[in-house]
Amino acid sequence: MSGKSTVACALSRELHYRGHHTYVLDGDNLRHGLNRDLSFKAEDRTENIRRVGEVAKLFADAGTICIASLISPYRRDRDACRALLPDSRFIEVFMDLPLELCEARDPKGLYKLARTGKIKGFTGVDDPYESPENCRYVIKKRNFKLKGK
Ligand SMILES: Nc1ncnc2c1ncn2[C@@H]1O[C@H](COP(=O)(O)OS(=O)(=O)O)[C@@H](OP(=O)(O)O)[C@H]1O
Ligand SMILES: Nc1ncnc2c1ncn2[C@@H]1O[C@H](COP(=O)(O)OP(=O)(O)O)[C@@H](O)[C@H]1O
């Protein structure tokens, strides 16, 4: 709820406008299809990220810029994706927004469920997010405004 999908779509549109082929792989959507057998326990999140990394590599091989909007909370899993692609072709973007802001948005009401214990192992509430240490792009609240919001 940091705005991953919103940024992914905007980036995709802009790159498309500049003549690039793009494709957005959105974690939430993939969990209805390719990754519907996976839960949110740590090893399933790892498998989720691994699969999406492999799919993104296939897109890259075919000449399409793949924008993956997933939580991918564990550093090790993101590093494994980076290692799949030649140097500098994997670009990590960190949505560095305060938890309170994500929680205030909560369009699906999931934080509320997590706070009342109805969902267990929710990222930011009772499951960790490991911030990247040397990330090329960091999006912060002050440079991330939607029109009218
Ligand atoms: N336990 C738990 N923790 C985190 N997120 C949860 C959980 N349960 C369901 N959801 C919903 O799943 C979306 C995140 O899926 P991802 O595939 O991106 O997660 S991960 O990368 O495997 O950690 C995430 O969607 P986004 O809002 O797009 O981030 C949530 O809506
Ligand atoms: N910069 C922003 N300012 C205000 N609201 C935003 C911004 N970016 C996203 N939102 C809203 O926050 C909610 C979550 O955004 P979304 O892109 O779906 O996040 P995520 O993919 O990380 O869950 C949506 O209701 C969206 O309209």
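The values are calculated or read from the model by the stated rules, or taken from the named source; none is laboratory data. Please read these numbers as outputs of a predicted model, since none were measured by experiment. Please note: Cβ atoms are built from the backbone with ideal geometry, for glycine as well, and neighbour counts cover all protein chains shown. Just so you know, the surface numbers come from the protein's heavy atoms only, side chains and all, with ligands and any DNA or RNA stripped out. Shrake-Rupley method; radii C 1.70, N 1.55, O 1.52, S 1.80 Å.
Among the conditions (1) within 16 Å of ligand 2 (Cβ to nearest atom); (2) in a helix (DSSP H, G or I); (3) open to solvent by less than 30 Å² (accessible area, probe 1.4 Å), the only one that A60 does not satisfy is (1). Can you name every residue in region 69-100 that is outside any loop (DSSP other than H, G, I, E, B) and in contact (Cβ under 8 Å) with a residue 60 or more places away in the chain? If the condition is that a residue be outside any loop (DSSP other than H, G, I, E, B) and in contact (Cβ under 8 Å) with a residue 60 or more places away in the chain, then S69, V93, M95 are the ones that fit. Take G121 and tell me if it is surrounded by 11 or more Cβ atoms within 10 Å (Cβ to Cβ), in contact with a Leu (Cβ under 6 Å, 6 or more places away or on another chain) and of a type outside the set (V, I, T). No. Does S39 qualify as being without any contact (Cβ under 8 Å) to a residue 24 or more places away in the chain, within 9 Å of ligand 1 (Cβ to nearest atom) and open to solvent by 30 Å² or more (accessible area, probe 1.4 Å)? Considered against the rule, which asks whether it is without any contact (Cβ under 8 Å) to a residue 24 or more places away in the chain, within 9 Å of ligand 1 (Cβ to nearest atom) and open to solvent by 30 Å² or more (accessible area, probe 1.4 Å), S39 comes out as yes.
Taken over region 113-149, the residue count meeting the criterion of being within 16 Å of the chain's Cα centre (by Cα), modelled with pLDDT of 95 or more and in a loop (DSSP other than H, G, I, E, B) is 7.
Taking the criterion of being under 22 Å from A114 (Cβ atoms) and away from ligand 2 (no atom under 15 Å from the Cβ), the residues of region 13-36 that qualify are N35, R36.
Within region 92-118, if we keep just the residues that are acidic (D, E) and surrounded by 14 or more Cβ atoms within 10 Å (Cβ to Cβ), the residue that is farthest from ligand 2 (Cβ to nearest atom) turns out to be E92.
Taking each residue of region 125-140 that is more than 10 Å from F94 (Cβ to Cβ) and looking for partners that are assigned to a loop (DSSP other than H, G, I, E, B) and open to solvent by 80 Å² or more (accessible area, probe 1.4 Å) with beta-carbon atoms closer than 8 Å, six or more apart or interchain, yields D126/K120; D127/F40. Could you please let me know if I67 is closer than 20 Å to N29 by Cβ, open to solvent by 40 Å² or more (accessible area, probe 1.4 Å) and modelled with pLDDT of 95 or more? No: the conditions fail for I67.
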